[in-house]
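Note sheet for the following structure.
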Amino acid sequence: MRLLYVLASYVLFAVLFPLLSLHRKTRHGLRQRLGFYAPGELPARGPGPTLWLHGASAGDLLALSPMFGPLRARFPGCRIVLSTMTNSGYMMGKERLAKQVDAVVYQPYDLWGATRRAVRAIQPDLLVLEYTEIWPNLIRAASRAGARVALTNGRFSPTHLRKYRLLFSLIGNPLRDMDLFLMRGEDEAERVLGLGAPRERVHVTGNTKFDALAAAAEGQEDEALRSALGLRVGERVWIAGSTHEGEEEQLLEVYGRLRETHGELRLVIAPRYIERAGRLVGLAKERGLSVGLRSQGNVEGGRVVVLDTIGELTRAYRLATLVFVGGSFTTRGGQNILEPAGQGKPVLFGPHMENFQDSVQVLVGRGGIQVKDGDQLYRVMLELLGKPETVSSLGELARATVRQISGASQRNVEHMAGALKP
């Protein structure tokens, strides 16, 4: 059965390779993706273990980052290698996380040869995967080489369990080659047990992204970013973060209605993909709104500002009065609502939060407000803008909620230490 997966992975790779080579998320780093590394790209082994942590994208790497400190403290002299799938994840890792780790590389394609070359080069004592990053060839290669394999922030969608069972029945169950399943909640633990994970290896430890948010909540307002956005001190600002195609039209309509009674209100839109910035500028102008780009310092003084840079959204949230998080008025399943909550801001979001149900359960009624459509968003925002004291108290409640749910990183590291004991 494993041979079937090995052969199928090569056939699928041959079919998808042209797309992978051209797609903006995956077109760089081919050499490393095939398991080859130039001198100096990987650290020499140190007195401690080599820990290989993998997160698919930029956001996933940030969710792993709260474990770096506890890992260094628990394993003196360790080497931390961080891998990712996307170009944006690699850039973010190099720019923001490089000082905390020993190397940032692209994940190898899940091919028999590429994964084995990567494991031989990195020589991990522990491979840490995240969420549902179950890569059978990589897991097998690491396990065969003597490494322990852990899943952190583990989650399995209930709607996909049948597909997982079918796949595992065809290719052999990769969960049996893994040593630790550190799951976000009891429901996730039950799902992974139902997929065949050994019970003694499954633990509920929480979600490390909460730790990252709790740490980020200590930041202060960023005057340099305020200036670059063309905002003035004291202005009320609505920030719509991580928006997707089809949402901005609704948000701009809501903004136009709000300005009828709150003409001083500013709008900052941060599209999930910054290459869509030009499209947003056009939408704003169609509605007669003045608009500028953050990358150009909003020289136009636009009432609407498009945040068209990478890695600044968390800082921008600190300047907000109210926040709406996108991906929730579409079928994308939502985006991270706890990030602005950790900054002490009331957070509004739409009905489609399928990928962030744990966050919704934590935040609704504690500084988070879910709305069904643009009309309800307008009504709720209109009411909140008329009650500054309520906005302030909701923001503090949101910040306190994020702080209360932290601690998963330390729990994860203790379980990893147990797995690494001889």
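The values are calculated or read from the model by the stated rules, or taken from the named source; none is laboratory data. Since the model is a prediction, treat every value here as computed from it, not as a measurement. For neighbour counting, all protein chains shown are included, and Cβ atoms are generated from backbone atoms with ideal geometry for every residue, glycine included. Keep in mind that these areas ignore ligands, DNA and RNA; they rest on the heavy atoms of the full protein, side chains included. Shrake-Rupley method; radii C 1.70, N 1.55, O 1.52, S 1.80 Å.
The list (i) 107, 45, 44; (ii) 65, 42, 41; (iii) 62, 52, 34 gives values of Cα extents along the principal axes in Å, and only one came from this structure; which label was calculated from it? For Cα extents along the principal axes in Å, the calculated option is (ii).
For the pair Arg403 and Gln361 in one chain, pulling the backbone fully straight at 0.36 nm per residue adds 13.6 nm over the alpha carbon distance.
Over the C-alpha atoms of segment 295-403, the Rg to Rh ratio, Rh being the Kirkwood estimate, stands at 0.97. Applied to segment 75-91, the Karplus parametrisation 6.51 cos²θ - 1.76 cosθ + 1.60 on θ = phi - 60° returns per-residue 3J(HN,Hα) values of 10, x, x, 6, 10, 10, 10, 10, 10, 8, 9, 9, 5, 5, x, 5, 4 Hz, with x for Gly and Pro. Does segment 151-289 come out rounded, prolate or oblate, given a ≥ b ≥ c as the square roots of the eigenvalues of its C-alpha gyration tensor, rounded meaning a/c under 1.5 and, failing that, prolate meaning a/b above b/c? Prolate, since a/c reaches 1.5 and a/b exceeds b/c. Using a ≥ b ≥ c from the Cα gyration tensor of segment 42-87 (square roots of the eigenvalues), is it rounded, prolate or oblate, where a/c under 1.5 gives rounded and otherwise the larger of a/b and b/c decides, a/b for prolate? Because a/c hits 1.5 or more and a/b fails to exceed b/c, segment 42-87 counts as oblate. When the inverse distances between all different Cα atoms of segment 1-128 are averaged and flipped, the Kirkwood radius reads 15.2 angstrom. With a simple spin-label model that places each label point 7 Å from the Cα along the Cα-to-Cβ direction, the separation between Leu193 and Glu354 comes to 2.6 nm. Given +1 at the Cβ of Lys and Arg, -1 at the Cβ of Asp and Glu and no other charges, the dipole of segment 38-154 around its Cα centre is 380 debye to the nearest 20. Database remark: amide H of Phe324 closer than 5 angstrom to the amide H of Ile239, Ala240, Gly241, Leu348 (H placed geometrically; neighbours at sequence offset of 5 or more, or on other chains; Pro and chain starts carry no H). In segment 248-386, the portion of solvent-accessible area held by carbon and sulfur atoms comes to 46 percent [1.4 Å probe, whole percent, DNA, RNA and ligands not counted].
The residues of segment 101-251 expose on average 39 square angstrom of accessible surface per residue, using a 1.4 Å probe on protein heavy atoms. Residues of segment 380-422 with an amide N closer than 20 Å to a point placed 7 Å from the Cα of Glu200 along the Cα-to-Cβ direction: 414-422. Reducing segment 92-107 and segment 216-291 to their Cα centroids gives an inter-centroid distance of 30 Å.
Residue separation of Thr132 and Asp375 scaled by 0.36 nm, minus their Cα-Cα distance, works out to 83.9 nm of gained length. Take the Cβ-Cβ distance between Thr159 and Ala419 as r, set R0 to 51 Å, and report the resulting FRET efficiency rounded to the nearest 0.05. About 0.95, to the nearest 0.05.
Fully extending the segment from Ser393 to Glu312, taken as 0.36 nm per residue of separation minus the present Cα-Cα distance, adds 26.7 nm. What part of the accessible area of segment 145-231, given as a whole %, is carbon or sulfur when the probe is 1.4 angstrom? Answer for segment 145-231: carbon and sulfur cover 51 percent of the accessible area. Using the structure shown, list the pairs from Lys163/Lys345; Lys285/Lys387; Lys163/Lys421; Lys209/Lys372 with a Cα-Cα distance above 28 Å, or answer none. Long pairs (Cα-Cα over 28 Å): Lys163/Lys345; Lys285/Lys387; Lys163/Lys421. Surface composition of segment 52-143: carbon plus sulfur atoms contribute 51% of the solvent-accessible area (1.4 Å probe, protein chains only, all chains present). Accessible surface for segment 309-396, divided over its residues, is 37 Å² per residue with a 1.4 Å probe. The overall shape of segment 74-161 is rounded: from the C-alpha gyration tensor, with semi-axes ordered a ≥ b ≥ c, the ratio a/c is less than 1.5.
As an exercise, use a Förster radius of 25 Å and the Cβ-Cβ distance of Arg236 and Val299 to find the FRET efficiency, rounded to the nearest 0.05. Rounded to the nearest 0.05, the efficiency is 0.70.
Computed from backbone phi, the HN-Hα couplings of segment 25-37 come to 7, 10, 7, 9, x, 4, 4, 5, 5, 9, x, 10, 10 Hz, rounded to whole numbers (Karplus: 6.51 cos²θ - 1.76 cosθ + 1.60, θ = phi - 60°; Gly and Pro given as x). Using the Cβ of Ala284 as centre and a radius below 12 Å, the other residues enclosed give a net charge of -1, where K and R count +1 and D and E count -1.
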